[in-house]
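Structure, as structure tokens:
The values are calculated or read from the model by the stated rules, or taken from the named source; none is laboratory data. Given the structure is predicted, the values throughout are model-derived calculations rather than measurements. Methodologically, a virtual Cβ is constructed for each residue, glycine included, from the backbone with ideal geometry; neighbour enumeration extends over all protein chains shown.
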Amino acid sequence: MAKSKDSFKAFVGAGTEARKREHIETVLDTNVAAKGVTTGFEMFAFEHCALPELDLDNIDLSTTVFGRNIRAPILISSMTGGAAVGGVINRRLAECAQELGLAMGLGSQRAAIEKAELADTYKVRDVAPDILLFANLGAVQLNYGYGIEQARRAVDMIEADALFIHLNPLQEAVQSEGDRNWRGIITKLEELIREIEVPVVVKEIGNGLSADLAKKLISIGVAGIDVAGAGGTSWSEVEANRQSDPLIRKVAHSFAGWGIPTAHSLIEVRREAGSLPVFASGGLRTGIDVAKAIRLGATLCGVAAPALGAADEDTETVTKHLQCLIEELKIVAFCTGSKNLEDLTRAPLRRINDWSTVDL
């Protein structure tokens, strides 16, 4: 993807804006996958149904989340914004989401809160009027001057249906310019949830959420949880590759295998969440991964890095990529005798090691 590097050379900047450009470039051009940890989905397999008694063309993958109809349970996960090239990518992703009827999250909007002229790099409603759209801010910013006002600005900026508050303590810890004070955030988050007018979904960014934290988040009134587990992109690897200080780089590389695998985080959080929406992201690469996540309790399934690479090409490329993923999901439903997502949540799933039935 040499053209990505060339495009970045045309931009100059500092602070949050520059960091956003570096993050995009690093994910596109460097191997920043987690090392020594997998998503855990490879531990499960569906029981094949050799006589499904279904019409493949009539499989229904639709669902409804926060009042928006979604044609397939796919979330284009929060990735970018705050830099010109990020704005181009966001519009391509949004065009894809509109065409396929998917949900989408924008990258952290801190850059546009700090510099209003960057807001356009996040605005996609004109090309995606019907999608479920998530605004996005970092939880740690609640300790650095952010609050209800900034959250409302983020939502209003993009005409969002809901707000992601992301948790990224490891990324901040291994980042030379990272925010290190995380004390008291749960109380501030509870106040934000109480005052903001849209649903708030708390998400990790690639290291997973535990059952204990899920309980705390549910107790303060979150509208949903995105487990964003380990096994996909490692943000400590992203940070390692953009640091010039060899000591900081070494420390960041040490955490390439850190986190709760996505499948295991999903199982734990689903048990605590009751009817609350739970999203699964972190290393989902195929429609088979998505199907396993749905079976293990996911409401929506997030895809990020592969979609980012495709969107760096053009809208058609990212649309074809996600059409392929949706077709794989539909075939899994067909080959498990599932006419819709509700049936898929009950499809026989086995553990690979002993072929025992998964009973959640």
message: For region 157-216, give me the residue count where each residue is among the aliphatic types (A, V, I, L, M) and touching a Phe, Trp or Tyr at 6+ places or on another chain (Cβ under 7 Å).
response: 9
field: Residues within region 125-160 that are β-branched (Val, Ile, Thr) and in a helix (DSSP H, G or I), tallied
entry: 4
task: Scan region 239-268 for residues that are surrounded by fewer than 23 Cβ atoms within 10 Å (Cβ to Cβ), in a loop (DSSP other than H, G, I, E, B) and either aliphatic (A, V, I, L, M) or modelled with pLDDT under 95 (or both) and jot them down.
output: GLN243, SER244, ASP245, ALA256
message: If I ask for residues that are part of a helix (DSSP H, G or I) and either among the hydroxyl-bearing types (Ser, Thr, Tyr) or in contact with a Ser or Thr (Cβ under 9 Å, 6 or more places away or on another chain) (or both), which ones from region 22-37 would you list?
response: HIS23, ILE24, GLU25, THR26, VAL27, LEU28, ASP29
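Yes/no per residue for (1) aromatic (Phe, Trp, Tyr); (2) closer than 28 Å to VAL140 by Cβ; (3) not in a strand (DSSP E or B):
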site: ALA72; (1), (2), (3): no, no, yes
site: GLY81; (1), (2), (3): no, yes, yes
site: GLY87; (1), (2), (3): no, yes, yes
site: ASN90; (1), (2), (3): no, yes, yes
site: ALA94; (1), (2), (3): no, yes, yes
site: MET104; (1), (2), (3): no, yes, no
site: GLY107; (1), (2), (3): no, yes, yes
site: ILE113; (1), (2), (3): no, yes, yes
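Among the residues of region 52-67, what is the count of those that are without any contact (Cβ under 8 Å) to a residue 40 or more places away in the chain and within 22 Å of LEU133 (Cα to Cα)? Before you say what the answer is, go through the steps one by one.
If we filter region 52-67 for residues that are without any contact (Cβ under 8 Å) to a residue 40 or more places away in the chain, which is where we start, we get 55, 57, 64.
Those still in the list that are within 22 Å of LEU133 (Cα to Cα) too: 64.
The total comes to 1.
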task: Restrict the check to region 230-238 and report whether at least one residue is hydrophobic (A, V, I, L, M, F, W, C) and not in a helix (DSSP H, G or I).
output: yes
query: Which number in (1) surrounded by 18 or more Cβ atoms within 10 Å (Cβ to Cβ); (2) under 13 Å from THR38 (Cβ atoms) marks the one condition that PRO277 misses?
result: (2)
task: Quick one: in region 146-202, of everything that is modelled with pLDDT under 95 and polar (S, T, N, Q), which residue is nearest to LEU133 (Cα to Cα)?
output: GLN175
message: touching a helix residue (DSSP H, G or I) at 6+ places or on another chain (Cβ under 6 Å), touching a residue at least 12 places away in the same chain (Cβ under 8 Å) and not basic (Lys, Arg): is that true of LEU102 in this structure?
response: no
query: Can you tell me which residues in region 209-229 are buried (at least 24 other Cβ atoms within 10 Å of the Cβ) and either acidic (Asp, Glu) or not in a helix (DSSP H, G or I) (or both)?
result: LEU209, ILE225, ASP226, VAL227, ALA228, GLY229
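Tally the residues that are of a type in the set (D, E, K, R), surrounded by fewer than 18 Cβ atoms within 10 Å (Cβ to Cβ) and modelled with pLDDT of 95 or more, restricting the search to region 280-313. I'd like the intermediate steps shown before the answer.
In the first step, residues of region 280-313 are kept if they are of a type in the set (D, E, K, R); the result is 285, 289, 292, 295, 312-313.
Those left that are additionally surrounded by fewer than 18 Cβ atoms within 10 Å (Cβ to Cβ): 285, 313.
Right, trim to modelled with pLDDT of 95 or more and you get 285.
Of the residues in that region, 1 qualify.
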All positions within region 85-121 that are surrounded by fewer than 18 Cβ atoms within 10 Å (Cβ to Cβ) and among the hydrophobic types (A, V, I, L, M, F, W, C): VAL88, ALA116
